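The structure appears right after this line, and notes come after that.
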Amino acid sequence: MRHLLGIRELSSDDIHQIYDLTDRFYEVLQQPTRKAPALAGTTVALLFFESSTRTRLSFELAAKRLGADVLNFSAAGSSLAKGETLLDTALNILAMGVDALVIRHQSVGTAHYLASRLPVPVINAGDGTHEHPTQALLDTYTLRRHFGRLEGIKLAIIGDIFHSRVALSHLYLAPKVGLKLRLCAPPTLVPPLWYNLGFPVYHCIEKAIRDADALLVLRMQKERQKQAPIASWEEYARFYQVRLEQLSPGQVILHPGPVNWGVELHPAFLEASVSRILDQVTYGVAVRMAVLYALLRG
Ligand code: NCD
């Protein structure tokens, strides 16, 4: 592994190695110092061109827990406003002595583009509606911890799959780890080709939830929707909101965040023990430590 651009480029072995490394780093995070300075002396730059809370902070903390220095770049207030290109910005940041780049960008393919031109590992932290590999890795790592395995686990992804890079990364990931994936969205939020991929696609939420082991609920990604795919959030909530009483014993809920409480998820999940949403955030730091370590020291 030279870069982490998407789940598409990973083999099943790569993915299992990341889970195994994550187990080790999660143990480190349980110790009082919470540090394993395996990346001491290296510098990781975070280039975020889109809003982020969890992903940016999680990468920053992961790099710091491994002893790396972290350089934070955000597009607002940068020389991009003066006409500098993305590649030039990246080359200038590397010239300061940077060993790896983590990039989030609104355009599909940005991480691949930089990876083809830069001499350091590039990690995709989300490129438009394309992929978000570390999110899919941390979602499945959370399921692996909860169920003790992934093989045969039935995962329903419910929500705006049309605009979701998380959903696409899961389409690539599921067959590589033996997860049984099913998808659920209003007809206006299913990319037409997804009906032909071999995964069941439901428009009725009750059918999607029935006998699933876990639900991965997605946000309505309004900022990426060119035309309103549904009349209103109220209408979406009426037909597609996941509610506590729809769940059977043993089923758990995941969400990559940010959650629009009261739209895709009923607020009762805020305090419900079936929610694994904060576990995802906790494991996310260990997953990103594993990825940084694999690319810089593996
Ligand atoms: C996701 C993203 O940015 O793609 N969030 C995240 O990284 N935690 C999902 C979303 O924005 O809804």
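Under the rule a/c < 1.5 gives rounded, and otherwise a/b versus b/c splits prolate from oblate, where does the stretch 5-83 land using the Cα gyration tensor? In terms of gyration-tensor shape, oblate. When the chain is treated as a Gaussian network with alpha carbon springs shorter than 10 Å, the biggest mean-square fluctuation among S51, S248, S273 belongs to S273.
For the stretch 221-275, trypsin sites (Lys or Arg not before Pro) are listed when DSSP marks them as loop and at most 12 other Cβ atoms sit within 10 Å of their Cβ; the list is K226. Screening the chain for whole DSSP H helices of 20 Å or more along their axis (Cα) with average Kyte-Doolittle hydropathy at least 0.0 returns 277-297.
Please compute, over every Cα-Cα pair in the chain, the percentage with a separation greater than 25 angstrom. Everything past 25 Å amounts to 47 percent.
Using C-alpha pairs below 8 Å separated by at least 6 residues, the relative contact order for the stretch 133-280 is 25 percent. Taking Lys and Arg as +1 and Asp and Glu as -1, the other residues whose beta-carbon sits under 10 Å from that of R276 total -1.
Using heavy atoms of the protein chains and a probe of 1.4 Å, the accessible area assigned to E131 is about 0 Å².
All other residues whose Cβ lies under 13 angstrom from that of R243 are scored, Lys and Arg at +1 and Asp and Glu at -1, for a net of -2. Scalar couplings 3J(HN,Hα) for the stretch 102-108, obtained by applying the Karplus form with A = 6.51, B = -1.76, C = 1.60 to θ = phi - 60°, are 10, 10, 10, 8, 6, 9, 4 Hz; x denotes Gly and Pro. Structure shown: which of K64/K154; K176/K207; K180/K222 lie over 31 Å apart, alpha-carbon to alpha-carbon? Check vs 31 Å cut-off fails for K64/K154. With a Förster radius of 41 Å applied to the beta-carbon distance between M1 and A231, the computed FRET efficiency rounds to 0.40. The accessible-area ordering, largest first, of the residues H105, H255 stands as H105, H255, per a 1.4 angstrom probe.
Available extension along the chain between V70 and Y195 is 40.8 nm, counting 0.36 nm per residue and deducting the alpha carbon span. Neighbours of C184, meaning other residues whose beta-carbon lies under 12 angstrom from its beta-carbon, give a summed charge of 0 when Lys and Arg score +1 and Asp and Glu score -1. Here L270 and R224 are evaluated by their C-beta separation; at R0 = 30 Å the FRET efficiency comes out at 0.70. Given a 1.4 Å probe and the protein chains as shown, K35 ends up with an accessible area of around 110 Å². Accessible-area rank, largest first, for D279, D127: D279, D127, with all protein chains present and a 1.4 angstrom probe. Surface calculation, 1.4 Å probe, protein heavy atoms: W233 sits at approximately 80 Å² accessible. The listed residues C204, C184, once ranked by accessible area (1.4 Å probe) with the largest placed first, stand as C204, C184. Each label point was placed 7 Å from the Cα along the Cα-to-Cβ direction; for V108 and L91 their separation is 2.8 nm. With a Förster radius of 30 Å applied to the beta-carbon distance between Q246 and T188, the computed FRET efficiency rounds to 0.85.
The values are calculated or read from the model by the stated rules, or taken from the named source; none is laboratory data. All values reported here derive from a predicted model rather than from experimental measurement. Note that we place each Cβ from the backbone using ideal geometry, even for glycine, and neighbour counts take in every protein chain shown. Keep in mind that these areas ignore ligands, DNA and RNA; they rest on the heavy atoms of the full protein, side chains included. Shrake-Rupley method; radii C 1.70, N 1.55, O 1.52, S 1.80 Å.
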